[in-house]
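Student: Could you have a look at this structure, given as structure tokens, before my questions?
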Amino acid sequence: MDNENLSWITSLRVLATFSVIFLHSASAILYLYGTISAFDWWIGNIYDSIVRFCVPIFLMISGTLILSKDYESTENI
């Protein structure tokens, strides 16, 4: 893959990075269950759930970059 084909991966990596930051800030709210209002806890829970996609995205990006090698086959099929 050349660098022009990797621009979408870079954009996805930036989005996932910000999502990790938001995930860590939202997870602190979830530990306050019982000490904050139920509404605030549910907002934190929804917020946490929305940005939770970031961990699998990082794994998929790693797999794409590791496994997407161009191999030449010298055998006839």
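Student: Rounded to whole Hz and in sequence order, give me ³J(HN,Hα) for the range 32-38 from the Karplus expression 6.51 cos²θ - 1.76 cosθ + 1.60, θ = phi - 60°, writing x for Gly and Pro.
Tutor: 8, 4, x, 9, 10, 5, 4
Student: How large is the convex hull of the Cα atoms of the range 12-66 per residue, expressed in Å³ as a whole number?
Tutor: Convex hull volume per residue, Cα atoms: 60 Å³.
Student: Another question about this same structure. Hey, rough spin-label estimate for residue 21 and residue 65, points 7 angstrom out along Cα→Cβ, what's it come to in nanometres?
Tutor: Result for the modelled spin labels: 1.8 nm.
Student: From the phi angles alone, apply the Karplus equation (6.51, -1.76, 1.60; θ = phi - 60°) to the range 54-64 and give each ³J(HN,Hα) in whole Hz, x where the residue is Gly or Pro.
Tutor: Karplus values, whole Hz, x for Gly and Pro: 5, 5, x, 4, 4, 5, 5, 5, 4, x, 5.
All of the numbers you see were taken from the coordinates with simple rules; none came from a lab. Fair warning: this is a prediction, and the values are worked out from it, not measured in the lab. Glycine gets a Cβ as well: all are built from the backbone with ideal geometry, and neighbour counts include every protein chain shown.
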